[in-house]
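Participant: Here you go, one structure.
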Amino acid sequence: MEGIFQISLIAAFIAGMVALFAPCCITFLLPAYLGSVFKEKEKVLLMTLVFGAGIFIVLLPAVLGVAIISQLLFRYHDSIYILGGFVMIAVSIISLLGIKSPFMVHVPNSTNQGKVDVLSIFTLGIFSGITSACCAPVLIGILTMVFLSPTFFGSLLIGVVYVLGMVVPLLIISIFLSDKVNKL
């Protein structure tokens, strides 16, 4: 089991690098990184670590949430399956009897079909921003490894190593570019 966990850590590190160098991430993340970190010419390495900590803080709730759900599902596995079975039986009986749920409300057709207003475009932009994260497949893979980790600490470590995979290339860039920036 320990060998599988070590492989998970290596995969998490590589996944972090893949996420960093994905076309959509690198076009936004790298210019933001370069534009902000190199303003502090003497503290480039420190600012790179702070930048990585910021990334980790964003990912921490997802990692911790999946780790907690994983621990609960493993601890209460039988109870959850029994409860789920009863819910499925209840829903099937309700469906067979033809009972309408109050949640199934008929929404009439909209009268402004084809018209676009500011609110609809704004809402579309919000949902596009939420769903267009191109690194989502990589993050879902990491969260799956977090879910399958046998311990809470292991889950947290996988998240940390994923972020390190994103930050180490930035650290290497900062080491090579800090000499050139200091000469300017």
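The values are calculated or read from the model by the stated rules, or taken from the named source; none is laboratory data. As the structure is a prediction and not an experimental result, all values here were calculated from the model. FYI the Cβ positions are ideal-geometry reconstructions off the backbone, even for glycines, and counts take in every protein chain you see. Ligands, DNA and RNA are excluded from the accessible area calculation, which covers all protein heavy atoms including side chains. Shrake-Rupley method; radii C 1.70, N 1.55, O 1.52, S 1.80 Å.
Participant: Of all residues in the range 28-58, count the ones that are closer than 20 Å to residue 137 by Cα, at pLDDT below 80 and open to solvent by 80 Å² or more (accessible area, probe 1.4 Å).
Facilitator: Residues flagged as closer than 20 Å to residue 137 by Cα, at pLDDT below 80 and open to solvent by 80 Å² or more (accessible area, probe 1.4 Å) within the range 28-58 amount to 2.
Participant: While we're on this one: Please name all residue pairs, on different chains or six or more residues apart, with Cβ atoms under 6 Å, provided the first residue is in the range 65-77 and is aliphatic (A, V, I, L, M) and the second residue is assigned to a helix (DSSP H, G or I) and surrounded by 13 or more Cβ atoms within 10 Å (Cβ to Cβ).
Facilitator: Between residues of the range 65-77 that are aliphatic (A, V, I, L, M) and residues that are assigned to a helix (DSSP H, G or I) and surrounded by 13 or more Cβ atoms within 10 Å (Cβ to Cβ), the close pairs are 66/143; 66/146; 66/147; 67/146; 67/152; 67/155.
Participant: Right, another one. Do we find that residue 53 is among the hydrophobic types (A, V, I, L, M, F, W, C) and touching a residue at least 24 places away in the same chain (Cβ under 8 Å) in this structure?
Facilitator: no
Participant: Would you list the helices (runs of 4 or more DSSP H) that sit entirely within the range 82-184 and hold 1 or more residues that are open to solvent by 70 Å² or more (accessible area, probe 1.4 Å), closer than 17 Å to residue 58 by Cβ and at pLDDT 90 or above?
Facilitator: 152-183
Participant: Then there is this: Looking for whichever is under 15 Å from the mean Cα position of the chain (by Cα), of a type in the set (A, V, I, L, M) and closer than 14 Å to residue 165 by Cα here; the options are 20, 49. Which one fits?
Facilitator: 20
Participant: Among the residues of the range 1-20, write down those that are in contact (Cβ under 8 Å) with a residue 40 or more places away in the chain and open to solvent by 30 Å² or more (accessible area, probe 1.4 Å).
Facilitator: Residues satisfying the conditions are 1, 5, 9, 11, 13, 14, 17, 18.
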